[in-house]
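First the structure, in the form of structure tokens, and then the observations on it.
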Amino acid sequence: MPKINLTMNNLQTIIEQAWENRALLQEETTTNAIREVIELLDSGKLRVAEPKGDGWQVNEWVKKAVVMYFPIQKMETLEAGVFEFHDKMELKKDYAGKGVRVVPGASARYGAFISSGVIMMPSYVNIGAYVDAGTMVDTWATVGSCAQIGKDVHLSGGVGIGGVLEPLQAAPVIIEDGAFIGSRCIVVEGVHVGKEAVLGANVCLTASTKIIDITGEEPVEMKGFVPARSVVIPGSYTKKFAAGEYQVPCALIIGTRKPSTDLKTSLNNALREYDVAV
């Protein structure tokens, strides 16, 4: 790929123009700019979303570049040992040089950033995702396109972290530093999980899922965000429909991590502290 070495502002301008006028995808300047964005994502020098002040900034133009990378790529056959793939995207390479442990059966697409110290059990990380240092991506966990995973996170077996390409959404899923996501949890549609929060097994969080804090005298409802250090389990509430009353899934905040508990130990014991089966 020819290096064009444009400034971020110039890259953004080219991407935004191509997003509005897809005919520009036929021009070399546009395709080179898109590929440079993907290379910057792969190296971790650019992110779809990043911490800013007390919140997060979503770089929408970067996500647009990821979407437009697909139509400019051609299908090709890729080989990795005895395995053969037929796809538009290359796989990441040089894990040893990056300081990443990758167990056979795990894979990540080029354009996903995997930081030093990450462990990938047989799992999958999609393009545009960011997985920070010390995180465990456990067996059959999937990290969707553009999802942002912090430092020292544990994504347990079978966890599904949603992507933002199909359908295109305004914000990616964000899992902040030190969070523990229990087995078979699903976190999608731009849900934001705060630092050191604990999701018990089978918690399902979408943008419309009620997250109910039941630790006080009155329940407090929220959506799309799990506060830092919260301990969350699956729950349900009764909702009226035309055909009758039925139980609808929700998530219940039943407490917080205890500050006296060692962080590493609390990853395993936080739920047991509240007598909840893991």
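The values are calculated or read from the model by the stated rules, or taken from the named source; none is laboratory data. Quick caveat: nothing in here was measured; it's all calculated off a predicted structure. Glycine also receives a Cβ, built like all others from the backbone with ideal geometry; neighbour counts cover every protein chain displayed.
Look through L78, L24, L41 and report the one residue that is farther than 21 Å from G134 by Cα and part of a helix (DSSP H, G or I).
On the way: L78 fails: part of a helix (DSSP H, G or I); L41 fails: farther than 21 Å from G134 by Cα.
Criteria check complete, one pass: L24.
Could we say that A106 is touching a residue at least 24 places away in the same chain (Cβ under 8 Å), more than 29 Å from E16 (Cβ to Cβ) and hydrophobic (A, V, I, L, M, F, W, C) here?
Numbers: touching a residue at least 24 places away in the same chain (Cβ under 8 Å): yes; more than 29 Å from E16 (Cβ to Cβ): yes; hydrophobic (A, V, I, L, M, F, W, C): yes.
Against the criterion (touching a residue at least 24 places away in the same chain (Cβ under 8 Å), more than 29 Å from E16 (Cβ to Cβ) and hydrophobic (A, V, I, L, M, F, W, C)), A106 qualifies.
Provide a single number: the residues in the stretch 124-147 that are over 27 Å from I34 (Cα atoms) and hydroxyl-bearing (S, T, Y).
Initially, the stretch 124-147 is screened for residues over 27 Å from I34 (Cα atoms), giving 134-141.
Then keep just the ones that are hydroxyl-bearing (S, T, Y); that gives 135, 139.
Residues that pass the stated criteria total 2.
Could you say which residue among A49, A80, A18 is of a type in the set (A, V, I, L, M, F, W, C) and within 24 Å of the chain's Cα centre (by Cα)?
On the way: A80 fails: within 24 Å of the chain's Cα centre (by Cα); A18 fails: within 24 Å of the chain's Cα centre (by Cα).
From the options A49, A80, A18, the qualifying one is A49.
If we scan the stretch 88-95, do we find a residue that is more than 16 Å from the chain's Cα centre (by Cα), outside any loop (DSSP other than H, G, I, E, B) and aromatic (F, W, Y)?
yes
Checking R109 against (1) closer than 27 Å to I15 by Cβ; (2) modelled with pLDDT of 95 or more; (3) surrounded by fewer than 17 Cβ atoms within 10 Å (Cβ to Cβ); (4) of a type in the set (K, R), which test does it fail?
If we test R109 against (1) closer than 27 Å to I15 by Cβ; (2) modelled with pLDDT of 95 or more; (3) surrounded by fewer than 17 Cβ atoms within 10 Å (Cβ to Cβ); (4) of a type in the set (K, R), just (3) comes out false.
For the stretch 194-221, which positions are out of contact with any Phe, Trp or Tyr (no Cβ under 8 Å at 6 or more places or on another chain), outside any loop (DSSP other than H, G, I, E, B) and closer than 15 Å to T256 by Cβ?
D213, V220
Only one of these conditions is not met by L40: (1) within 13 Å of I127 (Cβ to Cβ); (2) touching a helix residue (DSSP H, G or I) at 6+ places or on another chain (Cβ under 9 Å); (3) touching a residue at least 12 places away in the same chain (Cβ under 8 Å). Which number is it?
L40 satisfies all of (1) within 13 Å of I127 (Cβ to Cβ); (2) touching a helix residue (DSSP H, G or I) at 6+ places or on another chain (Cβ under 9 Å); (3) touching a residue at least 12 places away in the same chain (Cβ under 8 Å) except (3).
With the structure loaded, tell me whether K93 is closer than 16 Å to L11 by Cα, at pLDDT below 95 and out of contact with any helix residue (DSSP H, G or I) (no Cβ under 9 Å at 6 or more places or on another chain) or whether it fails that test.
no
Could you pull out the residue among R109, R184 that is within 14 Å of the chain's Cα centre (by Cα) and outside the structural domain of I38 (by TED's automatic domain parsing)? Give the steps one after another, and end with the answer.
Working: R184 fails: within 14 Å of the chain's Cα centre (by Cα).
Only one candidate passes the filter, namely R109.
Among residues belonging to the stretch 238-278 that are at pLDDT 95 or above and polar (S, T, N, Q), point out the one that is farthest from L155 (Cα to Cα).
Result: T238.
Quick check on V131: is it closer than 23 Å to F180 by Cα, surrounded by fewer than 16 Cβ atoms within 10 Å (Cβ to Cβ) and assigned by TED's automatic domain parsing to the domain that holds S183?
Values: closer than 23 Å to F180 by Cα: yes; surrounded by fewer than 16 Cβ atoms within 10 Å (Cβ to Cβ): no; assigned by TED's automatic domain parsing to the domain that holds S183: yes.
So V131 does not fit the description; no.
Taking S183, is it polar (S, T, N, Q), surrounded by fewer than 23 Cβ atoms within 10 Å (Cβ to Cβ) and touching a Pro at 6+ places or on another chain (Cβ under 9 Å)?
On the way: polar (S, T, N, Q): yes; surrounded by fewer than 23 Cβ atoms within 10 Å (Cβ to Cβ): yes; touching a Pro at 6+ places or on another chain (Cβ under 9 Å): no.
The answer is no for S183.
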